[in-house]
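Input: a single structure, listed below in C-alpha cells.
Bear in mind that the values in this text are calculations on the coordinates, not laboratory data. Keep in mind the model is a prediction, meaning the values are calculated, not measured.
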Amino acid sequence: MKNNILIIDDDADLSFVISDMLEGYGYKVTAAETAEEAFGLLSVRSFDLILLDINLPDSTGFEICKELRRVSDVPVIFASARTSESDRITGFDIGGDDYLPKPYSMAELFSRIKALMRRAYGDADEKKVISFGNVKVDISARSVTKNGAPVALSLKEFDLLSQLCEHAGTAVSKETLLSEVWGAFSSVEPSTLAVHIRWLREKLEDKPASPKYIKTVYKVGYILEAEK
C-alpha cells in the first residue's frame, strides 16, 4: 500500500493535526519544519506523497519542488496561504500535482490526497501478485515464496524487488531504483544497487550467475521478466 506521506510545513501545530487525521486512516506520516530537515529525510527514505508549504524558514516550497523534480516524480500537493494566480501557476509549472489554498478543511485535504494517490498509483487495494518461474511476489503482503517456501528478504531487498515487479517487462534505470528505494537525495553509490541485485539473484534465481528473470540492461539498469 502506498501510504507514506511527508509534510513539509513550519506550522508544527497544523502538521500535528494533519498527521493525527491521516494516521487515523492508516497513513504513515512524517513531518519536517525546514527545507534542511526535509532534504535530510528525503536522503534516507522514500515517500509516496509530499504535502508542501511554500513559505519556509530557510527556503521555499518552490525550490524544494524544483530540486525534487530533478530526481523523482513523487506526487506533490502544494498547501499554502499564498493563493495568487501567479503562485498557483508557478507551482504547477515546476512540477506540482495539486495546489490547495490555506485555510482548508481536513475533509478536502483528505479527498485531494486520495484522488492524487489514485491517479499516481491506481487502486491501492488491488491485490498485486507477480510470478516468475517458481517465485511468487505478493507486493501488498510484502511476502515472497520460491517453490511454495517463504524467502527472507531484507527491507531494501524487498523494496528493490517491488520496484522491479511494479515495472515488470520494462527496463528501470539505476537512477530511478536508487531514488525510489534509497531516497531521492541519497548519496548511496550505484555499487550498492549492484550488490542488492546480486543478493536477489542468489535468493531467487536457480542459476544466479546466469539470471533468467532479473536481468541487467546494458547502460540502463535492470529489468524483471515476469508474468503478471
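Observations, loosely collected:
- For the chain, the fraction of alpha-carbon pairs in successive 10 Å shells from zero, as %: 7, 31, 31, 20, 9, 1
- Counting only the Cα atoms, the range 15-144 fills a convex hull of 131 Å³ per residue.
- Taken over the range 129-224, the percentage of Cα pairs per 10 Å bin, counting from 0 up to the bin with the maximum distance, is 16, 54, 27, 3.
- Gain on full stretching of the segment that runs from Thr145 to Lys174 - 0.36 nm per residue minus C-alpha separation: 7.9 nm
- Within the chain, helices built from complete DSSP H runs that reach 15 Å or longer along their own axis (Cα positions) and carry a mean Kyte-Doolittle hydropathy of -1.0 or higher are 12-24, 106-121, 155-166, 190-204.
- All-pairs alpha carbon distance profile, the range 104-156, 10 Å steps from 0, percent: 21, 34, 23, 16, 6, 0
- The chain - mean residue ellipticity at 222 nm from DSSP helices (-39,500 (n - 2.57) per run, n ≥ 4, rounded to 500): -12000 deg cm²/dmol
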